[in-house]
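Student: Submitted below is the structure of interest, expressed as structure tokens.
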Amino acid sequence: MTRDKILLVNSRELCYYSGSFFLQQMCEALRNVGEDAEYVTLSDEDDFIAFMDRVGKSYKAIIDINSKMPYMILEDESRLLNRIDAPFYNYIVDHPLYHHPGLVFPIDNYHAIGIDKRHVKYMKDYYPHLKSVGFLPMGATEPSKRVGYKNRRIPLLLTATYENEQGILQDFRKLAAGLEEGRFDINYEGNYMPDAKAEKIGYKTAYNNCYDFNLLGRGKLFYDLGMNLAEVMLSGPVERTMEECLADIISQEDLMEGKYFTREFPVLMNYLFLVDKYVRNVHRRRVAEEIVKSGQEITVAGAGWEMTALGDYGKANLIGQVQMMNVFELMGDAKTVLDINPLFVEGVHDRVTSAMAAGAYVISDMNVDALETDESILGQYNIWNLSKLHDALELSESDRKDRAQAGYELYKKSYSWDCHANSLLKLLKD
């Protein structure tokens, strides 16, 4: 049977429905460059039953994002993906530590794609059964309308979700206590609340479950390791990957003795996922607060920011969660887009390239080397040198407009969906 079709399968929806959106954009772009591509969703049991008709068939490739497909088992206990004649590509758009269980499953023709070069290295190092691991940033999307730069109504836009740091720590203590009791499948639903309310009633009362957990033995060792790891990751002066920081502070002897509930480094990374979340949200809050404290106006699109003191300064317009397509429209009406995306040490996030596609000037903590450009396009800063953030914000409107135009040209050259389709096909051939 000829392998002539590429299946793009949505088995897991991501935040803001971005998973289905990205896969549909991929499908359309592949068709634009002459490929036979089909988009399939597995949102319920009926979809899964219908998909069984694919068993025994051949395809050029099956592609999914942060996929649940490796988990899927047929009645004879065989893996679904092993019963379809096709290479399977798991497109990992977070740090792979979140997807360890799905990455270790025994799929015969298993490949992965990452959007950060360090993520690619991590998967190559810890999942040697993968046939290939490629680097390919997600495609960028233009808004339906790009307002002329001079007439844009949003001076500075931030699009990002925020989760309360105290709530994350509550969940982390809950996780540590659960591991101590031998429970590895734990429901994390921290009692997140605005900082002002928690401070008023007392953090110990607000997060009483957090303080009631009696962490002893390995549970306390695990919790202390996580807090030490967070401190190292936040200490600077340059950003380092979580795996680099963990390798520096953990004793191989302790790991081999199973003191942290596992003897395997990638499993421990998976258990410590809440440290990644904690550090990311500390970064986001600190940078956003630095801006409003300096008197800058900012529009913030994303859930959770009402839990911070950001709105108290009178300079932040918190508009809450916005659907993905509306985010692109906001970018098309923004002069400057701020990206706060730590822990992508050598990666390219679609938030940055989509802001470029919208014709906005972009300020980011992203490594410009990964974007294959320099600071003549991207305003760059890091959390340990916020003076660079202020320098980027104080550029003249003329300079910002020129950089926005240069960013748009870079998007057209390297990050459009058609560019993505051609790069994806090269990965499939390799």
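The values are calculated or read from the model by the stated rules, or taken from the named source; none is laboratory data. The structure presented is a predicted model; accordingly, all values stated were derived computationally and were not measured. Every residue, glycine among them, receives a Cβ derived from its backbone with ideal geometry; neighbour counts consider all protein chains shown. Ligands, DNA and RNA are excluded from the accessible area calculation, which covers all protein heavy atoms including side chains. Shrake-Rupley method; radii C 1.70, N 1.55, O 1.52, S 1.80 Å.
Student: Taking the square root of 5 times each eigenvalue of the Cα gyration tensor, what semi-axes in Å does the equivalent ellipsoid of region 80-183 have, largest first?
Tutor: Working: eigenvalues 228, 144, 28 Å².
Equivalent-ellipsoid dimensions as semi-axes: 34, 27, 12 Å.
Student: Right, next: Could you work out the mean projected area of the convex hull around the alpha carbons of the chain, in square nanometres to one decimal? Let's see the in-between values first.
Tutor: Details: hull surface 86.6 nm².
Across all orientations, the chain yields a mean hull projection of 21.7 nm².
Student: Give the Rg (one decimal place) followed by the Dmax (whole number) of region 338-427, computed from C-alpha coordinates and expressed in Å.
Tutor: Rg, Dmax (Cα atoms, Å): 13.2, 42.
Student: Ranked highest first by the average count of other Cβ atoms within 10 Å around their residues, in what order do 297-310, 120-133 fall? Please list the in-between numbers first.
Tutor: On the way: 297-310: 19.5, 120-133: 16.5.
Put in order of decreasing packing, that is 297-310, 120-133.
Student: Using just the alpha carbons, could you tell me how many Å³ per residue the convex hull of region 211-369 encloses?
Tutor: Roughly 145 Å³ of hull volume per residue.
Student: So in region 1-114, what percent of DSSP beta bridges are antiparallel if you round to the nearest 5? Don't skip to the answer; put the middle values down first.
Tutor: Values: 1 of 20 bridges.
Of the beta bridges lying entirely in region 1-114, close to 5 percent run antiparallel.
Student: Now for a separate question. Which of these, ASN109, ASN228, ASN151, has the largest mean-square fluctuation under a Gaussian network model of the chain (Cα springs below 10 Å)?
Tutor: Result: ASN151 has the largest fluctuation of those listed.
Student: Let me check against my output: what whole-number percent is the relative contact order of the chain, with C-alpha pairs under 8 Å and at least 6 apart?
Tutor: So the answer I get is 18 percent.
Student: Counting only protein chains, not ligands or nucleic acids, how are GLU77, GLU165 ordered by accessible area (probe 1.4 Å), most first?
Tutor: Greatest to least solvent exposure: GLU77, GLU165.
Student: Based on the alpha-carbon gyration tensor of region 1-62 and its eigenvalue square roots a ≥ b ≥ c, which shape applies: rounded if a/c is under 1.5, prolate if not and a/b is larger than b/c, or oblate?
Tutor: oblate
Student: Given N residues in region 292-347, what is its alpha carbon radius of gyration divided by 2.2 N^0.38 Å?
Tutor: The reported ratio for this selection is 1.23.
Student: What full-extension length gain, to one decimal in nm, is calculated for ARG183 and ALA309 as 0.36 nm per residue of separation minus the Cα-Cα distance?
Tutor: Result for the pair: 41.8 nm of gain on full extension.
Student: Continuing with the same structure: Hey, got the Cα dimensions of region 213-268 along the principal axes, in Å, largest first?
Tutor: Answer, in whole Å and largest first: 33, 25, 16 Å.
Student: Springs between alpha-carbon atoms under 10 Å, Gaussian network over the chain: tell me which of MET227, MET52, MET325 tops the mean-square fluctuations.
Tutor: Sorting by GNM fluctuation, first place goes to MET52.
Student: Same structure again: Given 0.36 nm per residue, what is the gain on full extension from VAL322 to ARG263 after removing their alpha carbon distance, in nm? It would help to have the intermediate numbers written out before the result.
Tutor: Working: separation 59, 0.36 × 59 = 21.24 nm, distance 4.17 nm.
Between VAL322 and ARG263, full extension yields 17.1 nm more.
Student: Using only the alpha-carbon atoms, what does region 102-146 span along each of its principal axes? Please give whole angstrom values in decreasing order.
Tutor: 46, 21, 15
Student: Can you report the principal axis dimensions of region 243-287 using only the alpha carbons, biggest first, rounded to whole angstrom?
Tutor: Dimensions of region 243-287 along the principal axes of its Cα atoms: 39, 17, 13 Å.
Student: If only Cα atoms are counted, what is the Rg of region 29-141, and what is its Dmax, in Å?
Tutor: 14.4, 42
Student: Can you give the log10 of the normalised intensity I(q)/I(0) at q = 0.17, 0.21 Å⁻¹, computed with Debye over equal Cα scatterers of region 254-346?
Tutor: Evaluating at q = 0.17, 0.21 Å⁻¹ gives log10 I(q)/I(0) of -0.83, -1.09.
Student: First select every other residue whose beta carbon is under 11 angstrom from the beta carbon of ASP36; then total the charges, Lys and Arg +1, Asp and Glu -1.
Tutor: +1
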